[in-house]
1. So how far apart, in nm, are the two label points at residue 44 and residue 26 if each is 7 Å from Cα heading toward Cβ?
2. Can you pick out the pairs among 102/171; 84/121; 142/171; 103/142; 66/171 whose Cα atoms lie more than 23 Å from each other?
3. At R0 = 25 Å, how high is the FRET efficiency between residue 61 and residue 125 if r is their beta carbon distance? Nearest 0.05 is fine.
4. Going toward the positive end of the dipole of the range 39-144, with +1 on Lys and Arg Cβ and -1 on Asp and Glu Cβ, which of 62, 87, 111 do you reach last?
Amino acid sequence: MLKNFINPLKVFTRNYQLKTTTHKTIDVYPPREPVTMKTQRYRQFVQKDVERLDPSHWRRDLLSAKTPQTVVRTGDIVRVVYHKRPNMKMDDLYGYVLGINKKQHGTLLGSSLLLRNHFAKTAVEVRVPVFSPLIERIDIIKRPERRRRRNKHYYIRDQKTDVGNIEGDVKRRRQLQM
């Protein structure tokens, strides 16, 4: 007798769907924008921001391959000069460029440099955003004689080719030249 009994709740809750007696209205939304329009609008927005942060184009020239003399490459030794403000004490930052990150879908806004140096016999790596408003300029101090053909120079960590105290070396060279 129990075998022939059909549970009415089981019929209506199969696959988590409930039968309804009322008519539902479905909201109709406008069609989505094509992806190209979104990326085009995004690039226009980012381009305005880049123009505001880099009116003289030196940051973009630092990362573009159009001017090979002023382009930062991995293996270079650079100096990052910060704006001098009375309430903020930031010294110049010297470092060996381990890698260059160019981000955000072809725009240069999120790009940064990974610098490595030694301070008090401790290796320090710093990621410096190129389009930061705190940076006054980035100078290329030294280029390697023989260019290493790698995109990232992570392999120099803890090797005999690892950088020493770059700031001290630059100061010693200046004293010898005087």
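1. 3.3 nm
2. Beyond 23 Å between Cα atoms: 102/171; 84/121; 103/142; 66/171.
3. 0.50
4. Checking the options against the dipole of the range 39-144, the answer is 111.
Every number here is computed from the coordinates shown, using simple stated rules; none is lab data. Just so you know, these numbers come straight off a predicted model, no measurement behind them. In this analysis, Cβ positions are derived from the backbone assuming ideal geometry, glycine residues included, and neighbour counts consider all displayed protein chains.
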